[in-house]
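No value in this document is a laboratory result; all are computed from the given coordinates. Small disclaimer: the values here were computed from a predicted structure and weren't measured. Reconstructed Cβ throughout: ideal geometry from the backbone, glycine too, with neighbour counts over all protein chains shown.
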Amino acid sequence: MTSPSFKKVFQSSSFTQHYLQDNYERLGIVKSKETAYENCYSVIYYIKMGNHFFDDGSKSSLAIQPVLLFYGLCHWLKAAVLTVDPTYPANSQVLSHGLSTRKRKKKGYYFLQDEVRIQKEGLFPFLSEKLFHVKQFSGEKLSMRQLMYGISELEDLLEQLFPKKIHPPTQHNVLNKNETLKMLSATSNNELPQILTYYALLYQLSMICRYETEWWGELLYSFSSNDLPLIEQFLSISTDKCPILLENFFFSTEI
C-alpha cells in the first residue's frame with residue numbers, strides 16, 4: 001500500500017506554510033501569513049513525531065502496539081487541529097486525552113463490556129467540536145461494544161465470534177462508510193465521526209496495555225477469550241485506516 005502523502009509533504013516548511021496560509025485565509029483568520037509562519041514547524045513536528053510513533057507501532061509486537069498507535073494518532077490529530085485553530089493549544093486543559101476509564105479491571109473482565117467516559121475538557125471533545133462541530137457531553141459513556149460494531153471492516157469477524165449476538169442499539173451512531181475525517185456535516189450529538197471511534201478504542205487499549213498488565217498478559221498468552229482475535233484485527237485495521245482518514249482530512253475537497 002502506498003504511504004499517504006501527508007506523511008511526506010508536511011516535511012517541507014514551504015509546503016506547510018502555504019497550506020496553512022490557504023486554510024487560514026479561507027477561515028477568515030487575520031494575519032494569516034504571519035500565523036501560518038508561526039505554526040509551520042509545530043505542524044511539521046507533530047506530523048513527524050506521529051510518523052515515528054505510528055510507523056513503529058505498525059511493526060511492533062502486539063504487547064506494546066496500542067500505546068504506539070494511540071500516540072501516533074494523537075500527534076497527527078494535533079497537527080490537524082492546527083490547520084483549523086491556529087491558537088491550539090490555548091490552555092493546558094486541552095492537552096489531556098479527554099477520556100477516562102475505570103482504573104482496575106474486575107475479575108471476568110471482557111473488553112467489549114468496558115466503556116470510557118467523555119471528559120469536559122481534553123483532546124477528544126476538543127477534536128469533536130473543532131473538526132466536526134459536534135459537542136460531546138461530559139460524563140457520557142462510550143461502550144467498546146458499540147464502537148467495535150461501528151467499524152465495518154470488523155463485521156465479518158464479529159459475526160463469526162458472536163453468531164447469536166444482535167448488534168446493540170447504539171447511543172452514538174458511528175459514522176463509518178464513505179466518511180472522511182473532514183466531513184463537517186455532523187449536526188447531532190448522537191453522531192460519532194469514525195476517527196474518534198479509533199481514538200477512543202486505541203485510548204482504551206493503550207490504557208489497558210500500560211496499567212492493566214495482569215489482564216493484558218493473560219489476554220496475549222492464554223488465548224482464553226474472543227477478545228484477542230478481535231483486538232488483534234482491530235489494531236491491524238487501524239494501521240491502514242487511520243492514515244487514510246488523516247490523508248482525507250488534509251487533502252479531501254469534501255466538506
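What FRET efficiency comes out for the pair residue 103/residue 220, r = Cβ-Cβ distance, R0 = 25 Å, nearest 0.05? Efficiency computed from Cβ-Cβ geometry: 0.75. Annotation: the antiparallel percentage among DSSP beta bridges lying fully within the stretch 6-251 is about 65. Pairs exceeding a 18 Å alpha-carbon distance, out of 33/135; 48/78; 7/78: 33/135.
Oblate is the label for the stretch 1-143, because a/c, from the alpha-carbon gyration tensor with a ≥ b ≥ c as root eigenvalues, is 1.5 or above and a/b does not exceed b/c.
In terms of packing, defined here as the mean over residues of other Cβ atoms within 10 angstrom, the peptides 194-204, 113-123 line up highest first as 194-204, 113-123. The modelled label-to-label distance between residue 252 and residue 63, using points 7 Å beyond Cα along the C-beta direction, is 3.8 nm. Simple spin-label estimate for residue 27 and residue 236 gives 3.8 nm between the two label positions (7 Å along the Cα-to-Cβ direction from each Cα). Between residue 5 and residue 244, the modelled labels are 1.8 nm apart [label points 7 Å from Cα along Cα→Cβ].
Using a Förster distance of 30 Å, how high is the FRET efficiency between residue 48 and residue 159, based on the Cβ-Cβ distance and rounded to 0.05? So the FRET efficiency works out to roughly 0.15. Which percent of the Cα-Cα distances in the chain go past 29 Å? Of the Cα pairs, 29 percent sit more than 29 Å apart. A simple rule links phi to the HN-Hα coupling: the Karplus curve 6.51 cos²θ - 1.76 cosθ + 1.60 with θ = phi - 60°, which for the stretch 128-143 gives 4, 6, 6, 8, 10, 6, 10, 8, 8, 8, 4, x, 5, 9, 10, 7 Hz, with x for Gly and Pro. The mean sequence separation of alpha-carbon pairs under 8 Å and at least six residues apart, normalised by the residue count of the chain, gives a relative contact order of 20 percent. Residues whose amide H falls under 5 Å from that of residue 97, counting only those 5 or more places apart or on a different chain, are 123, with hydrogens built in the peptide plane. How many angstrom lie between the C-alpha centres of the stretch 190-249 and the stretch 101-142? Cα centroid to Cα centroid, the span is 14 Å. Trypsin sites (Lys or Arg not before Pro), restricted to the stretch 45-102: which are DSSP loop and have at most 14 other Cβ atoms within 10 Å? For trypsin sites (Lys or Arg not before Pro) across the stretch 45-102 that sit outside H, G, I, E and B with at most 14 neighbouring Cβ atoms in 10 Å, the list reads 102. Available extension along the chain between residue 113 and residue 13 is 31.5 nm, counting 0.36 nm per residue and deducting the alpha carbon span.
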